[in-house]
Amino acid sequence: MKFSYTWLNHHLHSHAEKNCGKLYNLPAPEKLAELLTFNAFQVESVEKAGNDFVLDIEVLPNRSHDCLSHKGIARETARLLGKKIYPEKFTDHKITSKKEVRIDIREPKLCSRYMGVVIEDVKIGLSPAWLKERLETLGQRSINNIVDITNFVMLETGQPLHAFDMDKLARQNFSEKNLGGREKKNDNPHIVVRNARDAEKLTLLDGKEITLNSQMLVIADGDKAIAMAGIKGGRTAEISDITKNIVIESANFDYAQIRKTSRTLGIRTDSSSRFEQGISPVLAEEGIRLAIKMILKIASDKNTAVGKISDSYLRKPLTHKIKVSTEDTNKLLGTKLKDNDIEKLLKQLDFIYEKLDTGKNSYFMVTIPLERLDLMPGREPLVSGIKEDIIEEIGRVYGYKNIKAVMPKAQKKSPNNEQFDKANKVRESLVGEGFSEVMTYAFTDKGEVEIENPIAGDKRFLRNNLKDGISEALVSNMRNAPLLGFSEIKIFEIGTVFKKDAEKAMVAVGSGKGTVREYTLDEAYAEFVKPESANIKTEKKKIINPVRSRPRIASATGTLGRPASNGVKYKPISQYPFLLRDIAVFTPEGTTSDSVLKIIEKWSENLLVQHKLFDVFHKTFPNGTKRTSYAFNLVFQSYEKTLSDDEINKVMDNITNEINVKSGWQVR
């Protein structure tokens, strides 16, 4: 998200001065970027924008709920600087309109809070210069003062808002009694939060018509949908230049629902990107009160009237506390902090806490701020709610650079893992014999241990042998042997199989002859690890491993594991099938095989992916002429399509024709 440096600085400058008489300024933009990068969030870039600077800050999903806003980043910056900003205090506005939003939440699991307020006789017009500048610096287009205020509030607090033209909404008639006990009729805007109907239509603000289904949440005015909840408004109740009366919405929607609907429709907005990460319902009140304050300041006159805020608050967040000790903190961070240091850091984090002294150890019972969903226990994505979370926050504000690096004490003698050693020796021996190691799926369609939540219908069990998997791999590799340039396929696997009563380490070995054998690790060790390659103890108890120095293994592994060439680049295997051809050519004595290969490559049109010289012989003819014969295996394959026999036959014809016209050359 992009953040305005001037806007952030306003928080430290204005709120600090207003509340405690102290004036603070942010560090220079580059210094601020460094501070945030090393202690909070990665700053991707800092760019000059007129008289301002724009910081592109990567706010990770676990902090999106409280830091996808200027207020959130300013608060985080103040904590890192050891400063404090004070939240803006809102007083109840004077209720001057009798109109009141009637709210009907029919999907309480998908909407925990919905707030609405009627404001009559607003003055639609251009936004003041400062507001337009704030928005345009961040790439937001100024539309009109009301819409701009809703966008400003979202960028300021992180709470998305929406404004409806009240006169375009359906009304709900209801009865109430006046002071004389007589019933009177009043009509008020009626807002319904419900699931859409299958095939229900909605035209969005940009003019695009979408088709809804019953799994999508909408805002309706009694009967018809007027907005996609938490994503985008509809054209039906759009604010226009002639709008006079409005309804401001500030709500909290289920993050999973918003994410699912947004992806289904292929529509992602600033609003949906916030809701789909999860935000605290406490932000709804701050958002709507700030909007009312701004509208009364820049979009009103003496006739403007504000109604009572309607608040349907169905699920209030619970208070959560985490106990952490100074001892736990020092043990995890590697610090030597004292109780008063911890207290100072908790205050810097704006955490409310209670100190508990049990004699030997001091504990702090920390109350988690309601906006910090990442510290709550399992109620939102990417959360845990454990003491390590609090310790991480303490370490972050304390400063990782202040934690001294200490070399850990290493064990004098590492414990020996006999099974690991045996597996390595089996692996080295098989590689030395020209085998290649493969890894096959541990999930299969049959076995003794069934998986509770399988990743696919044909992978419902854990394998109870390696033989089945390596047999499939052997068939696949044998089929592609010409393409791989192998004359023989030799593969093995060392892995775990799962029986009802235990897990076992097994070894499976397969060769190009189609034979596959499976061994226990001990059996494979006895079969493939030669006596001279076992560990030999000398009188001085030094351990020697001759496997690593056996000449034949060294040469084999040297071929397979030679250092990568600077000219070698990775290239994927084509998904299309390959075709095989053989060609044998008589050439005059002294001709090299490369000369023949150049002609083959010339006419292959980049389709020759593998070639192998498999036969060379010399022949003296009755007339005394001496010739050399070269025979090649050729593999053709395309990265773009399936090749036909006719295409490759044409290539071979061109090769044959050029060879046959050369003096002393002839395709056999």
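Any read-out appearing in this document is the output of simple, stated calculations on the displayed coordinates, not a laboratory observation. Keep in mind that what you see is a predicted model, and the values were worked out from it rather than measured. Using ideal geometry, Cβ is built from the backbone for each residue, glycine included, and neighbour counts are taken over all protein chains shown.
Quick notes on this structure:
- Assuming charge only on the beta carbon of Lys and Arg (+1) and of Asp and Glu (-1), the dipole of the chain about its Cα centre is about 1460 debye to the nearest 20.
- The long axis of helix 339-348 is offset from the longest Cα principal axis of the chain by roughly 70 degrees.
- Cα gyration tensor shape of the range 429-513, rounded if a/c is under 1.5, else prolate or oblate by comparing a/b with b/c: oblate
- Dipole of the range 579-667, positive end: most advanced residue of 622, 633, 599 [Cβ charges, Cα centre]: 622
- Restricting the calculation to Cα atoms, the range 303-401 shows an Rg/Rh of 1.15 when the hydrodynamic-style radius is the Kirkwood one.
- Within the chain, longest stretch free of exposed GluC sites (Glu not before Pro) [DSSP loop, at most 15 other beta carbons within 10 Å]: 1-432
- Mean separation of Cα contacts under 8 Å (6+ apart) over length of the range 218-277, as relative contact order %: 32 percent
- Computed on the chain, with alpha-carbon pairs under 8 angstrom and 6+ residues apart, the relative contact order is 10 percent.
- Cα long-axis angle, helix 593-602 against the chain (0 to 90 degrees, to the nearest 10): 40 degrees
- Only one item in (1) 316; (2) 181; (3) 228 matches volume of the Cα convex hull per residue in Å³ derived from the coordinates shown, and that item is (1).
- Entries of 71/401; 467/530; 602/650 with Cα pairs more than 22 Å apart: 71/401; 467/530
- Low-density loop cleavage sites - trypsin sites (Lys or Arg not before Pro) in the range 392-433, where at most 15 other Cβ are within 10 Å (DSSP): 404, 409, 412, 413
- Shape of the range 102-313 from the C-alpha gyration tensor: oblate (a/c of 1.5 or more and a/b not above b/c, with a ≥ b ≥ c the square roots of its eigenvalues).
- Residue-count net charge about residue 138 - beta-carbon cut-off 13 Å; Lys, Arg +1, Asp, Glu -1: -4
- Prolate/oblate/rounded call for the range 244-326, Cα gyration tensor, a/c under 1.5 rounded: oblate
- Residue exposure sequence - 592, 269 - by fewest surrounding Cβ within 10 Å: 592, 269
- Only helical runs count toward this figure. For the chain, summing -39,500 (n - 2.57) over DSSP H runs of n ≥ 4 and dividing by all residues gives -8500 deg cm²/dmol at 222 nm.
- Among 662, 89, the order by Cβ neighbours within 10 angstrom, fewest to most, reads 89, 662.
- Entries of 83/260; 2/168; 321/344; 490/626; 459/571 with Cα pairs more than 28 Å apart: 83/260; 2/168; 490/626; 459/571
- With neighbours defined as other Cβ atoms within 10 Å of a residue's Cβ, the residues 614, 53 order from fewest to most as 614, 53.
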